[in-house]
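Only the coordinates and a few stated rules stand behind these numbers; no lab work does. Here the structure is a predicted model, which means the values were calculated and not measured. We place every Cβ from the backbone using ideal geometry, glycine too, and count neighbours over all the protein chains shown.
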Amino acid sequence: MMTMDLESPGFFKGRIAEAITEAMLEEMGWKVYRYGAEFTANAVLDKKKPIAGTAAKRVRSMPDFIIQKGEDVHLIEVKYRAGGKWALQKELDKWKDPLYPEAYLILVSSDRGIMMEKAEEIYPKKGYSFDYLTSEKFKHFDFDKDTVVKYYNLAQKIFVTIEEMLEPPAPRS
């Protein structure tokens, strides 16, 4: 089992973003299969005994989900980002040469919506121009706007509540 970093709220936000995305896709008729290394290859993720090499790197980079609707199958990676964009250049650099260029990245944000981009297009765009799931670009996914809005509203409520809980208490006078 992958070790949880209890000092990092980002770990939990990421898992919540995955759960929201999974429920949203299932409601829109997609079959969702957990695929990421945290579900299939925990030994490779063991921080105490890291495994090196090309295969290990590829396993650690496995997208979170495989989604399927009829003959249509896609790889999906899910990330939570406040502000809906990458914060660090080194994070963006991971997408310079993606190991899964055919995968799509769904970005869940508490203040910008739920957006998506194909992995191979993230670095050339500098990570700043993700499109909304309901844009014309992704019409072949047949995403339902009302369902996407419903899950964005849910994400907003959850992530705002988490941020409020993490705020340090006001000093007493």
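Measuring between alpha carbons in the structure, the pairs from K31/K79; K31/K94; K79/K139; K57/K96; K96/K150; K13/K157 lying more than 24 angstrom apart are K31/K94; K96/K150. If R0 equals 25 Å, the separation of the Cβ atoms of D131 and E163 corresponds to a calculated FRET efficiency of about 0.45. Backbone N atoms of the stretch 58-79 closer than 18 Å to the 7 Å Cα→Cβ label point of Y33 belong to residues 59-78.
For trypsin sites (Lys or Arg not before Pro), the sites in the stretch 134-173 that DSSP calls loop and that have at most 11 other Cβ atoms within 10 Å are R172.
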